[in-house]
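Worksheet for the structure shown next.
The values are calculated or read from the model by the stated rules, or taken from the named source; none is laboratory data. All values reported here derive from a predicted model rather than from experimental measurement. In this analysis, Cβ positions are derived from the backbone assuming ideal geometry, glycine residues included, and neighbour counts consider all displayed protein chains.
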Amino acid sequence: MFQIRIHGRGGQGVVTAAELLSVAGFREGRHAQAFPSFGSERTGAPVVAFCRLDNKPIRLREPIMAPDALIIQDPTLLHQVDVFGGLTKDGYILINTSRSFEELGLEEFAAGFRPERLCTVPATEFALKHVGRPLPNAALLGGFAAATLQISLESVGSAIREKFPTKVAEANIAAAAEAFAFVTREIGETARAQTG
Amino acid sequence: MLKQVEGSAAVAEAVALCRPQVICAYPISPQTHIVEGLGKLVSAGQLKPCEFINVESEFAAMSVAIGASAAGARAYTATASQGLLFMAEAVFNAAGLGLPIVMTVANRAIGAPINIWNDHTDALSQRDCGWIQLFAEDNQEALDLHIQAFRLAEELSLPVMVCMDGFILTHAYERVDLPTQEQVDAYLPPYEPRQVLDPADPVSIGAMVGPEAFMEVRYLAHAKQRQALELIPAWASEFKRIFGRESGGLTHTYRIEDAETVVVALGSVLGTIKDTVDEMREQGVPIGVLGISCFRPWPTSAVRAALSNAKRVVVLEKSLAVGLGGIVSNNVAAAYPGSPDLVHTVIAGLGGRSITRRSLHKVFKEAIEGRLEPVTFLDLDYAVVDRVLQREREQRRSGPIAEAILREIGLVAAKIG
């Protein structure tokens, strides 16, 4: 089972991101479970959503306390919420930011993790460019596909098409594709830096 | 057809396939997505003939459902929590009048303190109202139980409540197999009422009944529910024949054959319990699970049979009989052939508190080692409770309890589990 925890703020499409991820997994024939951390929804309040992917039916209903991957939609949460709680040293982290882990003050924290699994992507910028609104969730799913290879970019696209009207869907798919390319390039650079 | 959808959407589609003729709706979380989904189907003309009636309260929702059902329509509504309490008088009436209304209860805690999260207090507060109460383990079963519920309700002329865990199931996206209209039509014939308000053939429904006949009416309601204990498994078998999968019935058992310890529970927590039991089985612990799918009528014989070889029973329930302990566990103890002292009550998940494998391992281990109290509150923060009690001893005007505890524990938004 592969478990993903998504952190963001109310209004950033955190719950939708988990839902889309589960649909993408389903499209690939996997069992998938997505659910929000239920609360009184308020714009701007910290929100968490969860997604599990597995090759067999998923019965577990507890929140994801030991994720394999983290998607952080809003870097201002880093110092407010225990976003990294339970993450193992071989886990994946994808942060929506135009800054690096070092610039975010996470250099010390990042030591011990596998560097190619620590990714950043300016998803809000890509969303503004393609969608015209600061909704980073679809772009982050493109980045997630590139970082973890758990789902394909095509499945992310078909999940987005199922959810949104054509015009909005295509704009989000373009943002996801740019994020996918960005993260793929980033991982390549990290690998070269390690070997070189 | 396999689909990856929200639990509420799956239920809305299943209810639509049952061709309800009147849907009464009043919004309350976590039920709202279900009637919203049905409202969209009605307004798009995909569900017809069907009247979708927006009412001004839950009391009106059940009252309109009663009127619609008495006029011969297949009637459906959904609610949760305070909404169920607000309609309680009409809930009893629907059962007393023998009207086959189907209602989803998206289980949620009851205030005060106000809390929108899941537990089973709402449905279990109505356990003696005369409705059949079915509990879903996952979204597939929630979907399937609605189809079975209409059949059951109309065959027996009794209302049926389908209980599914609020948020945990209603808001979860998971894979479901949606049946075809042909399959549902083959299982569920058109509604043929036993009683109907018809101007061409007038009858009275709901007359006053005095001491000379009230006991007999009540006895017949009880006898009908006992009759349902035979019909529910039969219709679950019929369901399997048409739809090709097991769903519903009275109880589900899991790895109980040689189990010395059996855990009993209702609803979606069964999944987490089964995963925990699998992990304990790998360590050689003989432990199994009894899931209660039908809480009312209470399946005494099925529970007794499932527990006949158990050396101890742990009832894990999301409900609390304040001043007594467990609600489900009291029913289980009455059916358990061994000593009631061997039936442990674990109150868990109240107001949406997460029930984790880690905590389940701990409490099951304590039961096996004979260290579990008769009534335990899973993951209760005793330090906080003790400080509140201390303050109450020290000062007369100790203040409101809930607010004091919130101050004690601080910001909760930062917590994940």
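When residues in the stretch B:6-59 are screened for being surrounded by 22 or more Cβ atoms within 10 Å (Cβ to Cβ) and of a type in the set (Ser, Thr, Tyr), 2 of them pass.
Going by the conditions given, is residue B:387 surrounded by 13 or more Cβ atoms within 10 Å (Cβ to Cβ), without any contact (Cβ under 8 Å) to a residue 40 or more places away in the chain and more than 25 Å from residue B:166 (Cα to Cα)?
On the way: surrounded by 13 or more Cβ atoms within 10 Å (Cβ to Cβ): yes; without any contact (Cβ under 8 Å) to a residue 40 or more places away in the chain: yes; more than 25 Å from residue B:166 (Cα to Cα): yes.
So residue B:387 passes the test.
Which residue, of B:83, B:37, B:45, B:67, is in a loop (DSSP other than H, G, I, E, B) and at pLDDT 95 or above? The unique qualifying residue is B:45. If a residue must be of a type in the set (A, V, I, L, M, F, W, C), crowded, with 19+ Cβ neighbours inside 10 Å and out of contact with any Phe, Trp or Tyr (no Cβ under 6 Å at 6 or more places or on another chain), how many such residues does the stretch A:25-59 contain? Residues meeting the conditions: 6.
To keep it simple, each residue is scored yes or no on (1) outside any helix (DSSP H, G or I); (2) modelled with pLDDT of 95 or more; (3) surrounded by 14 or more Cβ atoms within 10 Å (Cβ to Cβ).
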| site | (1), (2), (3) |
| --- | --- |
| A:151 | yes, yes, yes |
| A:156 | no, yes, yes |
| A:159 | no, yes, yes |
| A:167 | no, yes, no |
| A:170 | no, yes, yes |
| A:173 | no, yes, yes |
| A:176 | no, yes, yes |
| A:185 | no, yes, no |
| A:191 | no, no, no |
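From the list B:312, B:357, the lone residue that is buried (at least 20 other Cβ atoms within 10 Å of the Cβ) and at pLDDT 95 or above is B:312.
This table checks each residue for (1) assigned by TED's automatic domain parsing to the domain that holds residue B:311; (2) surrounded by 13 or more Cβ atoms within 10 Å (Cβ to Cβ); (3) part of a loop (DSSP other than H, G, I, E, B).
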site: B:215; (1), (2), (3): no, no, no
site: B:220; (1), (2), (3): no, no, no
site: B:226; (1), (2), (3): no, no, no
site: B:231; (1), (2), (3): no, yes, no
site: B:274; (1), (2), (3): yes, yes, no
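The residue that is farthest from the chain's Cα centre (by Cα), among those in the stretch A:77-95 that are facing another protein chain (nearest Cβ under 9 Å) and either in a strand (DSSP E or B) or surrounded by fewer than 20 Cβ atoms within 10 Å (Cβ to Cβ) (or both), is A:80. Looking at the structure I just gave you, is residue B:378 farther than 30 Å from residue A:78 by Cβ, more than 14 Å from chain A (Cβ to nearest Cβ) and modelled with pLDDT of 95 or more? No: the conditions fail for residue B:378.
In the condition set (1) surrounded by 24 or more Cβ atoms within 10 Å (Cβ to Cβ); (2) part of a strand (DSSP E or B); (3) more than 10 Å from chain B (Cβ to nearest Cβ), residue A:17 is compliant with all but (2).
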